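The values are calculated or read from the model by the stated rules, or taken from the named source; none is laboratory data. Nothing here was measured: the structure is a model prediction, and the numbers come from that model. Counting neighbours? That spans all protein chains shown, and the Cβs are built from the backbone with ideal geometry, glycine included. The area values use the complete protein model at the heavy-atom level, side chains included, leaving out ligands, DNA and RNA. Shrake-Rupley method; radii C 1.70, N 1.55, O 1.52, S 1.80 Å.
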Amino acid sequence: MKKFLLITTIMVAAGAIVAAERPTEMSPQMSDALDVTMTSLDGRTVDLNRYRGKVVLMVNVASECGYTYQYEGLQNLHDRYSDRGLEILGFPSNDFGSQEPGSNGEIQDFCERNYGVRFDMFSKIPVTGSAKVELYKFLTSRSSSPFPGEVAWNFEKFLVGRDGKIINRFKSPVEPESRTMIGAIEAALD
């Protein structure tokens, strides 16, 4: 009897470890990355299907991060490619080092005042862990993404094609205006 209990306990513990390493699975309701409704910084409900037919760069952002300067590059991409169909969506998150402590209004003011951000920004959300929103479950899930795994830090970027399918993922250090990102964006736009 003791051996059975010991084995059962080990199996449960091992299962918990495995579950912790797996990305959270997405909701079965989402068919692609645009099949969700989010809230803008100013409180409006936004159906991301409105971006269907465009190339979309989704970025989890933070105002007090070492990568915050990337707002400038993101805005430059917006200026350069929006007329060709690129949309940039910023999703503030306080998940990493509490580097996005402000309210939605404070975030909006910071982005406009410091970087002239004119691309679409959304309400602060969790992008990792058990509380992450459905969009980020979809973006990081093994069952829906060719680039699965938890978001590791602020300013990770997901490139989504005109059909809502994830076509690339860039870690935080990849600059918005790097050759790598420009090449991927231009290929998606063509």
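For residue 61, list long-range residues whose amide hydrogen, built 1.01 Å from N in the peptide plane, is under 5 Å from its own amide hydrogen.
91, 93, 155
Give me a comma-separated list of calculated 3J(HN,Hα) values for segment 46-53, in order, Karplus coefficients 6.51, -1.76, 1.60 applied at θ = phi - 60°, integers in Hz, x for any Gly or Pro.
Each residue's phi maps through the Karplus curve to give 10, 7, 5, 4, 5, 8, 4, x Hz.
Calculate the spin-label point distance for residue 187 paired with residue 112, positioning each point 7 Å from the Cα along the beta-carbon direction, and give it in nanometres.
For the pair residue 112/residue 187, the computed spacing is 3.8 nm.
If you add up the charges near residue 98, with Lys and Arg at +1 and Asp and Glu at -1, over every other residue whose beta carbon is less than 12 angstrom from its beta carbon, what do you get? Could you put the intermediate results ahead of the total?
Numbers: positive: 124; negative: 64, 95, 100.
Taking every other residue near residue 98 into account, the sum is -2.
Let me check the size of segment 99-163 from its C-alpha atoms; what are the radius of gyration and Dmax in Å?
13.7, 40
Could you state the angle between the C-alpha long axis of helix 70-81 and the longest principal axis of the C-alpha atoms of the chain, as a value from 0 to 90 degrees rounded to the nearest 10?
Taking the Cα atoms of the chain, the angle to 70-81 is about 60 degrees.
Return the sequence-ordered ³J(HN,Hα) values of segment 110-118 in whole Hz as given by the Karplus equation 6.51 cos²θ - 1.76 cosθ + 1.60 applied to θ = phi - 60°, using x for Gly and Pro.
4, 5, 5, 5, 8, 10, x, 5, 10
Would you work out what percent of the accessible area of the chain, with all protein chains in place, is carbon or sulfur (probe 1.4 Å)?
About 55 percent, which is the carbon plus sulfur part of the accessible surface.
Quick check: pseudo-label points 7 Å beyond the Cα along Cα→Cβ at residue 31 and residue 72, how many nm apart are they?
4.3
At 1.4 Å probe radius, can you tell me the per residue accessible area of segment 43-190 in Å²?
42
Tell me which of 181, 143, 90 sits at the most positive position along the dipole axis of the chain, charges placed on C-beta atoms (Lys, Arg +1; Asp, Glu -1).
143
What size of dipole, in debye to the nearest 20, comes out for the chain about its Cα centre when the only charges are +1 on Lys and Arg C-beta atoms and -1 on Asp and Glu C-beta atoms? Before the final figure, lay out the partial values.
Working: 21 positive and 25 negative charges, 163 e Å.
That gives the chain a dipole magnitude of about 780 debye.
Need one number: convex hull volume per residue for the chain, Cα atoms only, in Å³.
Details: hull volume 25.5 nm³, N = 190.
Hull volume over Cα atoms, normalised by residue count, gives 134 Å³.
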